[in-house]
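Quick note: the coordinates plus some simple rules give every number you see, no bench work behind them. This one's a predicted model, so the numbers in the text were calculated from it and none came from an experiment. Every residue, glycine among them, receives a Cβ derived from its backbone with ideal geometry; neighbour counts consider all protein chains shown.
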Amino acid sequence: MSKFWDKESEPMIVEKNGTGAEYRIRRVEKDDKKYREIREWFMDKKTGNMLPTKKGVVIPEEVADDVVSLLDSVKDDELK
């Protein structure tokens, strides 16, 4: 568990294009506020450990379903 979040769920993992990097999606909590976090992780070549990058987003739980719905609608939109 990281030192920043008070609570964390086990992450769901999506591999990123066979590069060894991955996206981790999880629920997190800080000061009794709940969020969903999506963050890119990479493998440290020296230690072999997976480490988080600064590339990520944390979405408040109360709007997370709306964001997911919008993401689904964006994939169906045509580019102009």
For the stretch 1-56, which chymotrypsin sites (Phe, Trp or Tyr not before Pro) are both in a DSSP coil and crowded by at most 13 other Cβ atoms within 10 Å?
Phe4
So for R0 = 22 Å, FRET eff. of Lys30-Ser73 from the Cβ-Cβ r, to 0.05, ends up at 0.15
So, relative contact order of the stretch 4-73 in percent, Cα under 8 Å, 6 or more apart, is 23
Kirkwood Rh, the chain, all Cα pairs: how many Å?
14.2
DSSP loop (so not H, G, I, E, B), at most 11 other Cβ within 10 Å: list which GluC sites (Glu not before Pro) in the chain pass both filters.
Glu78
Calculated FRET efficiency, Phe42 and Ser9, Cβ-Cβ r, R0 25 Å, to nearest 0.05?
0.75
About its Cα centre, how strong a charge dipole does the chain have in debye, to the nearest 20, once Lys and Arg get +1 and Asp and Glu get -1 at the Cβ?
580
